[in-house]
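One structure is given below, encoded as structure tokens.
The values are calculated or read from the model by the stated rules, or taken from the named source; none is laboratory data. From a predicted model like this one, the values you see are computed outputs, not experimental measurements. Counting neighbours? That spans all protein chains shown, and the Cβs are built from the backbone with ideal geometry, glycine included. When the accessible area is computed, the model is the full protein with side chains, heavy atoms only, and any ligands, DNA or RNA have been set aside. Shrake-Rupley method; radii C 1.70, N 1.55, O 1.52, S 1.80 Å.
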Amino acid sequence: MTRIELQVQGSSDQYTITVTKAEDSKISVTCTCAAGQNFTLCKHRMNILQGDTSLLVAGQEDSYKSARQLIESSGIMLEKSRLDVALAETGKEIAVLKKAMDKLKKKDNAAKKAFAKVLD
């Protein structure tokens, strides 16, 4: 098993990102922040996965390079690409639904105004 720890700077605290390659070649990337502890994809892990070192605490260049090699040798980046495509598609669907919802709200308001006129 290979295990690499990286320190990242959060909003108010430092957290540890752990990149682990198990004997079966599976890669895991964990974070000690609150979101990471709740099994939510946090910005700290996303930054490391995307190659963004802006949150990385200085002096960890060699560890980061090793972590990147593990990440890039796994299927994580392919799955990330699939996630990006799925999110883009979902975003388009949400935009269409928002437009439909706006039309329905206008229709609803018009019906309420028409009813209010009848009551006056």
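Counting only residues that are at pLDDT 90 or above and part of a loop (DSSP other than H, G, I, E, B), which one in the range 11-36 is farthest from residue 74 (Cα to Cα)?
Only one residue tops the list, namely 13.
I need the full set of residues from the range 8-24 which are out of contact with any Cys (no Cβ under 8 Å at 6 or more places or on another chain), more than 11 Å from residue 48 (Cα to Cα) and open to solvent by less than 70 Å² (accessible area, probe 1.4 Å), in order please.
20, 21, 22
I'd like to check something: does the range 60-83 contain any residue that is modelled with pLDDT of 90 or more, open to solvent by 70 Å² or more (accessible area, probe 1.4 Å), over 14 Å from residue 3 (Cβ atoms) and in a loop (DSSP other than H, G, I, E, B)?
no
Here is a list of conditions, (1) open to solvent by 50 Å² or more (accessible area, probe 1.4 Å); (2) in contact with a helix residue (DSSP H, G or I) (Cβ under 9 Å, 6 or more places away or on another chain); (3) in a helix (DSSP H, G or I); (4) among the small types (Gly, Ala, Ser), and residue 54 meets all of them except one; can you say which number that is?
(3)
So, in the range 37-51, how many residues would count as being open to solvent by 40 Å² or more (accessible area, probe 1.4 Å), outside any loop (DSSP other than H, G, I, E, B) and without any contact (Cβ under 8 Å) to a residue 12 or more places away in the chain? Spell out how you get there, then give the answer.
If we filter the range 37-51 for residues that are open to solvent by 40 Å² or more (accessible area, probe 1.4 Å), which is where we start, we get 37-41, 43, 50.
This time we only want the ones that are outside any loop (DSSP other than H, G, I, E, B), so: 37, 43.
Right, trim to without any contact (Cβ under 8 Å) to a residue 12 or more places away in the chain and you get 37.
Residues flagged as open to solvent by 40 Å² or more (accessible area, probe 1.4 Å), outside any loop (DSSP other than H, G, I, E, B) and without any contact (Cβ under 8 Å) to a residue 12 or more places away in the chain within the range 37-51 amount to 1.
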